[in-house]
1. May I ask you to sort 136, 294, 36 by Cβ crowding, counting other Cβ atoms within 10 Å and putting the fewest first?
2. Would you kindly calculate the mean projected area, averaged across all directions, of the convex hull enclosing the Cα atoms of the range 8-156, in square nanometres?
3. In square nanometres, what is one fourth of the surface area of the convex hull spanned by the alpha carbons of the range 199-358?
4. If packing is taken as the mean number of other Cβ atoms within 10 Å per residue, what is the order of 233-239, 155-161, 315-321, highest first?
5. Considering the Cα trace of the range 243-313, what is its radius of gyration and what is Dmax, both in angstroms?
6. Taking N as the number of residues in the range 219-265, what value does Rg over Cα atoms divided by 2.2 N^0.38 Å take?
7. Arrange 242, 269, 123 by Cβ neighbour counts within 10 Å, fewest through most, would you?
8. Would you list 252, 293 from fewest to most Cβ contacts within 10 Å?
């Protein structure tokens, strides 16, 4: 998605007059808008105008509709009429869709269904997809469909484990919180601890000093797929920029492929699969597991603590505080053996303002 070279001018026909806009070929500017509460073309246009003002730019290369819950939401004519107008005005060049699963399993379609619906719709130029070396199946179906229709693809959640390898340290923090821990809590913490010990043993066995070595291989795995165009990454500092950009154009070494296979086998239980939500139907309190664990990913892996806490605070449904004394039906329903009850409790502790560790 990044192009080199100098800036050039592009002539865009907008009815009876022609607008000249400056296209900066060194950057591909992408942003997203949500459609909740939007009921007219004019509101869509106004939302994009606000994006232009905040970004201090005259145009956006690709405007994505953020997280449409169903295939039907992709076909919102207010959105598409707004895009048609903005394209004619030279303010938007391409249109895309981002999706990472339903907010809650019974309140929308899966990521796979939504994005395949976007491919069939024919009006989208780019898809933002969850895909990584552990969670491949749904992403590969979407990638296969997209390449046949010449639709660009950007991958998010490409590093599935992030800081999960530090789980042992966080379990110790939970134990030292000073609060009384009941037997049920001790039980799910023990399951988390077993998983953490297994991951720690894997790191020692393979002489890995930090998860960054696994992250580099994980990103290479995604970039090596010829159906992938680029990655959506968070850069928190200049070291991130230097370390991550140099991976572009590099291939995986045989030892890296073996490393990822071992990580998936030995540490896959650490990862609550993004855009999954299989366990949610088993929850008697309708806790939105997929959404909460996504916010936890923002907090831990992306380093976006404030953003994640704000998103969690504004959830207008059940939260993970209900998980502490639950029977753990989500764990029984998880096909991957993830200690999700404990992860949800940890997420609540980290994402909640004025919350203790438990």
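Taken together, the values in this text are just the output of simple stated rules run on the coordinates, not laboratory data. Bear in mind the structure is a predicted one, so any value in this text is a computation, not a measurement. Here the Cβ is made from the backbone with ideal geometry for all residues, glycine too, and neighbour counts use every protein chain on show.
1. Details: 136 15, 294 22, 36 9.
By the 10 Å Cβ count, ascending: 36, 136, 294.
2. On the way: hull surface 39.3 nm².
It is 9.8 nm².
3. Values: hull surface 44.1 nm².
Dividing the Cα hull surface by four gives the mean projection, 11.0 nm².
4. Details: 233-239: 11.3, 155-161: 23.3, 315-321: 15.9.
In decreasing order of mean packing, 233-239, 155-161, 315-321 become 155-161, 315-321, 233-239.
5. Using the Cα atoms of the range 243-313, the pair Rg, Dmax is 16.3, 47 Å.
6. Details: Rg = 12.0 Å, N = 47, 2.2 N^0.38 = 9.5 Å.
Compared with the compact-globule rule of thumb, the range 219-265 sits at 1.26.
7. On the way: 242 10, 269 20, 123 13.
So the ranking, lowest neighbour count to highest, is 242, 123, 269.
8. Details: 252 18, 293 21.
Exposure proxy ranking, most exposed first: 252, 293.
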